[in-house]
Amino acid sequence: MRGAAVVVLAGFGVFLLATGVLVRTYVAPAVVRAPTDIYKVQRLRAENATYFDAGALRVRTGATVVATATVRGDVEASGDDVAVWDMTTVIQDLDRGRLVDVATRRLAFDRRSGELVACCRAAVQDDTSVRQSGLGVFWPMDVRKRTYRMFDAQTRRTWPVVFKGVEDVGGVDAYRFELHVPPTKVPGEVPAVPARLLGADGGGAVPVDRYYRGDAVFWVDPRTGAPVDQRQRVRSTLRARSGTGTLVVADLELRTTPEGRTALAGTANDAAARVRLLETVVPLGAVALGAVLLAAGVVLDRRGARTRPRAAPPGDGAARRLRPGTPGVG
């Protein structure tokens, strides 16, 4: 029985040691990554916003604007290493019942690093010719205190997003990153607009180009790469191609709503607990228990060796009985 117990203890000990290593090395990286079946809605609000009301052909000021971003995962198009998400952002002046803008985007990216990849009909405003690179909307799982490159859908190019420090957001020690996009001409054709809207003299329509400037701040949970807060200041204008004249299309400072920040912090904490369970608690627990069982098996085996009776050398008793002069021998 003791021998069987030793084998069982040693076997379970080795098994748990191997399991702990496998969970940490192979299972955790395979599980802790971007989901493919995601459905998420996030809202940002801008107070005292300015935008061009295309229906009324006038500029609205002092508006309260809400941007609602909806993300849906395309499970069929995704794979083991690449996630594909479809994102629609609707910007509305809810008080006036006005639609300010609608933006669509399809992203394909590495499920751990967040790096965008060119596949799976990725597009900006249904334009599949746009080549997206850098980070998209998903941050690396092991986000670091360094500068990354982030793709901006307005200018359709990457810009540096720079680490600026650590700040508390809803109880999360979040990394703060800042992105600055200088006034940049936006690719694509823009319909001509009436000269009066540009503040220019004369009648008729004036050819224009669209320019965009953006400043964004992202607060990211370093334990999971999950965003916990966001602020964006965007300014979009139309400029006459020749001469003077400018029309402000949008001037907004969008910020995650308070309830949104609370929900994001809670989601980040839940995700961090799951990550810790897979990457630390389970592997260390399995290794520790395996080591204890293996040690118990070794101790039990050694104790059995000390208490086991030693066998007499073969022929020793027979020789003693036959030796001449020994009592009892005639």
Find which of L57, S78, I38 sits farthest along the positive direction of the dipole of the range 36-103, computed with +1 on the beta-carbon of Lys and Arg, -1 on that of Asp and Glu, about the Cα centre. L57
How large is ³J(HN,Hα), in whole Hz, for each residue of the range 118-126 in order, when computed from phi with the Karplus curve 6.51 cos²θ - 1.76 cosθ + 1.60 and θ = phi - 60°, using x for Gly and Pro? 8, 6, 6, 6, 4, 7, 10, 6, 6
For the range 93-102, 3J(HN,Hα) per residue [Karplus equation, 6.51 cos²θ - 1.76 cosθ + 1.60, θ = phi - 60°, Hz, x = Gly/Pro]: 9, 5, 5, 9, x, 10, 8, 8, 6, 9
Under the rule of at least 5 residues apart or a separate chain, name every residue whose amide H is placed under 5 Å from the amide H of V206. V193, A195
What residues qualify as long-range amide H neighbours of V161, i.e. H under 5 Å apart, gap of 5 or more or another chain, H built at 1.01 Å from N? Y148, R149, M150
Report ³J(HN,Hα) in whole Hz for each residue of the range 192-201, in order, from the Karplus equation J = 6.51 cos²θ - 1.76 cosθ + 1.60 where θ = phi - 60°; Gly and Pro get x. 5, 10, x, 4, 4, 5, 8, x, 9, 6
Run down the lysines and flag those whose C-alpha is under 30 Å from the C-alpha of K40, throwing out any fewer than 8 positions away in its chain. K145, K164
Expressed as a percent, the accessible surface of the range 79-146 that is carbon or sulfur, using a 1.4 Å probe and the full set of protein chains, is 45 percent
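Keeping all protein chains in place, calculate the accessible area per residue for the range 128-186 (probe 1.4 angstrom), answer in Å².
Value for the range 128-186: 49 Å² per residue.
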Using a 7 Å offset from Cα along Cα-Cβ at V186, what residues in the range 71-101 end up with backbone N under 15 Å from the label point? 89-92, 100-101
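The values are calculated or read from the model by the stated rules, or taken from the named source; none is laboratory data. Nothing here was measured: the structure is a model prediction, and the numbers come from that model. Don't worry about glycine lacking a Cβ; one is built from the backbone with ideal geometry, like all the others, and counts go over all protein chains shown. These accessible areas exclude ligands, DNA and RNA; they are computed on the full protein's heavy atoms, side chains included. Shrake-Rupley method; radii C 1.70, N 1.55, O 1.52, S 1.80 Å.
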